[in-house]
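The values are calculated or read from the model by the stated rules, or taken from the named source; none is laboratory data. These figures come from a predicted structure and were not determined experimentally. Cβ sites come from the backbone with ideal geometry, for glycine too, and all protein chains shown count toward neighbours. The protein model used for the area step is the full one, side chains on, heavy atoms only, and it has no ligands, DNA or RNA in it. Shrake-Rupley method; radii C 1.70, N 1.55, O 1.52, S 1.80 Å.
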Amino acid sequence: MLAIEIEEHARKLMEVQGPKAIAEAAQKARRFEEQGAAEQAATWRRIEAAMIRMQGPRAK
């Protein structure tokens, strides 16, 4: 998946599901890792990372 596609997918998920989309992406990545599907897991990790970036910095 291209970087632009990752960003678009992440943005759509965040619009629909809000912050819980990050947790769902992480769960999907983990399931793919457990199944040995490294490429799909890597894609979901990239989507997760894009959503985290979209949230911006957090105040301490």
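Of all helices (runs of 4 or more DSSP H) completely enclosed by the chain, which ones contain at least 2 residues that are without any contact (Cβ under 8 Å) to a residue 60 or more places away in the chain and touching a Leu at 6+ places or on another chain (Cβ under 9 Å)?
Numbers: elements: 3-17, 20-35, 38-55.
By residue number, 20-35, 38-55.
Scanning the stretch 28-60 for residues that are open to solvent by less than 70 Å² (accessible area, probe 1.4 Å) and farther than 18 Å from Glu7 by Cβ yields Phe32, Gly36, Ala37, Ala41.
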